[in-house]
Amino acid sequence: MTPDTSDERDPVEEACELNDAAVEAFHAGRAGDAEGLFRRALQLLEESEGEDSPDVANVLSSLGAVGEQRCDYTAAEASYARAAAIMDANADSDDEDVRRLRLQTLSDLGRIRRILGRYEEAEPLIKRSITLAEELFGPDSVETASALNDLGMLYKFNGRFAEAEPLYRRALDILERRLGPEAVELASIYHNLGGLEHARGRHAAGEPHARRSVELRERALGPDHTDVAADVAALAALLDGQEKFEESEPLYRRALEIFERAYGPDHYEVAVNLNNLAMVLNARGEAEEAEALLMRALKIKEKLFGAENVEWAMTANNLGVLYREQGRRWEAEQLLTRALAAFERTLAEGHPNLAACRDNLAALRRNVGGTGDER
């Protein structure tokens, strides 16, 4: 007798329900639950629609986002890379959702490679996303503004400051015209303009941008949102660059509390704030606590990126400077030498972090003072 299969569920319908439940879990902060649900949805879609379906790419993109939030950047890159390859194979589709997903997967892959410090690999991907956004949605679209912002961030991290600023400015102009000057979406651009001035060492010039990003985002999301915490931390960095330590220290501590509560103790944002708070404490003569925070930040970054990554090198440089100030010459030289090697492999000539690390190592070898750097 042929078994009655009338009650069997449609696998695509079941996968969609699993995906919806996963999205809800992800936004509720339950990344582990979300990952399990996404993987079950992925398996059903691969079996029913094939491994090259846009629906498969959509779930892979979501899995990449889970990995990125958990700072599992290797897993995130693998998911994003497979999703982007699937969508490249569907490049001729005229379906609006498919076209948007193609743009998203390209942007995701460029971003994760920028986070991993692989700037030369990230740049062509992000440039392709700008071209695609302009082709699909127009040069003055919100999608184009997002892609321009992504390229600006890449150039900022790689020290190409003069190229980053007009990208941010164009993105800001588009968003102001499309969404209005009080839209929360503008906060990310103001955040990045402030970050650009921080990287240039023009801290006072960046402060108004950072304050604007906090204002917009806090109004929309409330004081305890992780995006607000990122804006608060960026403002703190600009303040301590002006030696306004009385204001910057509590801001760093506020951001750190939010990040630890939301993400746990070993997240990238936690490491960044530990690093920057340590530099404030060291400047105020609290070297013992500063050392403890830098060592904790360094361990987190080594776990996330490896010991020779540019992110690791930023904190290694700062700890090396602290050791030099304490007369711990051998430990300082070990860290500064390794940090310099990482910077030289990754950053463009003329980048402030590269120059600062060279100066710090030279100062150590001359047995005189020098300066640290921040994120």
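The values are calculated or read from the model by the stated rules, or taken from the named source; none is laboratory data. Model, not experiment: these values are computed from the prediction. Heads up, the Cβs are rebuilt from the backbone with ideal geometry, glycines too, and the neighbour counts pull from every protein chain shown.
Is it the case that some residue within segment 173-188 is at pLDDT 95 or above, surrounded by 18 or more Cβ atoms within 10 Å (Cβ to Cβ) and touching a Phe, Trp or Tyr at 6+ places or on another chain (Cβ under 9 Å)?
No, segment 173-188 has no match at all.
Kindly indicate the residue of segment 346-375 that is in contact with a helix residue (DSSP H, G or I) (Cβ under 9 Å, 6 or more places away or on another chain), over 17 Å from M279 (Cβ atoms) and of a type in the set (K, R) and also modelled with the lowest pLDDT among those meeting that condition.
R365
Among the candidates R82, R102, which residue alone is closer than 15 Å to A133 by Cβ, crowded, with 19+ Cβ neighbours inside 10 Å, touching a residue at least 12 places away in the same chain (Cβ under 8 Å) and not small (G, A, S)? Walk me through it before giving the result.
Numbers: R82 fails: closer than 15 Å to A133 by Cβ.
Only one candidate passes the filter, namely R102.
If you go through segment 24-33, how many residues are within 17 Å of A76 (Cα to Cα) and either aromatic (F, W, Y) or touching a Leu at 6+ places or on another chain (Cβ under 9 Å) (or both)?
1
Just give me the residues in segment 159-209 being in a helix (DSSP H, G or I) and small (G, A, S), in sequence order. Walk me through how you get there before you give the answer.
Residues of segment 159-209 that are in a helix (DSSP H, G or I), as a first pass: 161-179, 186-200, 203-209.
A162, A164, A171, A187, S188, G194, G195, A199, A204, A205, G206 - these are the residues of segment 159-209 that are in a helix (DSSP H, G or I) and small (G, A, S).
Quick check on my filter: what residues within segment 105-139 are within 26 Å of I174 (Cα to Cα), surrounded by fewer than 22 Cβ atoms within 10 Å (Cβ to Cβ), among the acidic types (D, E) and within 19 Å of the chain's Cα centre (by Cα)?
E123, the sole residue that qualifies.
Take the residues in segment 312-331 that are crowded, with 24+ Cβ neighbours inside 10 Å and of a type outside the set (S, T, N, Q); name whichever of them is farthest from the chain's Cα centre (by Cα).
Residue satisfying both the conditions and the ranking: R324.
What do you reckon, is N149 touching a residue at least 60 places away in the same chain (Cβ under 8 Å), touching a helix residue (DSSP H, G or I) at 6+ places or on another chain (Cβ under 8 Å) and either under 27 Å from G222 (Cα atoms) or not aliphatic (A, V, I, L, M) (or both)?
Values: touching a residue at least 60 places away in the same chain (Cβ under 8 Å): no; touching a helix residue (DSSP H, G or I) at 6+ places or on another chain (Cβ under 8 Å): yes; either under 27 Å from G222 (Cα atoms) or not aliphatic (A, V, I, L, M) (or both): yes.
No: the conditions fail for N149.
Condition check ((1) part of a helix (DSSP H, G or I); (2) crowded, with 24+ Cβ neighbours inside 10 Å; (3) hydroxyl-bearing (S, T, Y)) across all residues:
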| position | (1), (2), (3) |
| --- | --- |
| E218 | yes, no, no |
| E247 | yes, no, no |
| A255 | yes, yes, no |
| R261 | yes, no, no |
| D266 | no, no, no |
| M279 | yes, yes, no |
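Among the residues in segment 31-47, are any modelled with pLDDT of 95 or more, surrounded by fewer than 22 Cβ atoms within 10 Å (Cβ to Cβ), over 25 Å from I115 (Cβ atoms) and out of contact with any helix residue (DSSP H, G or I) (no Cβ under 8 Å at 6 or more places or on another chain)?
Looking for residues that are modelled with pLDDT of 95 or more, surrounded by fewer than 22 Cβ atoms within 10 Å (Cβ to Cβ), over 25 Å from I115 (Cβ atoms) and out of contact with any helix residue (DSSP H, G or I) (no Cβ under 8 Å at 6 or more places or on another chain), one finds at least one in segment 31-47, hence yes.
Give all pairs with beta carbons closer than 6 Å in which a residue from segment 173-184 that is touching a residue at least 12 places away in the same chain (Cβ under 8 Å) meets a residue that is in a loop (DSSP other than H, G, I, E, B); count only pairs at least 6 apart in sequence or on separate chains.
Listed by first residue and then by second, the contacts come to I174/D140; L175/E185; L179/E185.
Working only within segment 303-345, note down all residues that are among the basic types (K, R), within 21 Å of V270 (Cα to Cα) and touching a helix residue (DSSP H, G or I) at 6+ places or on another chain (Cβ under 7 Å). Full working, then the answer.
Filtering segment 303-345 down to residues among the basic types (K, R) leaves 303, 324, 328-329, 338, 345.
Checking the rest, the ones that are also within 21 Å of V270 (Cα to Cα) come to 303.
If the condition is that a residue be among the basic types (K, R), within 21 Å of V270 (Cα to Cα) and touching a helix residue (DSSP H, G or I) at 6+ places or on another chain (Cβ under 7 Å), then no residue fits.
Among what's in segment 34-71 and is polar (S, T, N, Q) and either part of a loop (DSSP other than H, G, I, E, B) or in contact (Cβ under 8 Å) with a residue 40 or more places away in the chain (or both), pick the residue that is farthest from L103 (Cα to Cα). Full working, then the answer.
In the first step, residues of segment 34-71 are kept if they are polar (S, T, N, Q); the result is 43, 48, 53, 58, 61-62, 69.
Okay, now just the ones that are also either part of a loop (DSSP other than H, G, I, E, B) or in contact (Cβ under 8 Å) with a residue 40 or more places away in the chain (or both), so 53, 58, 61-62, 69.
On the way: S53: 16, N58: 12, S61: 11, S62: 14, Q69: 20 Å.
Among them, the one singled out is Q69.
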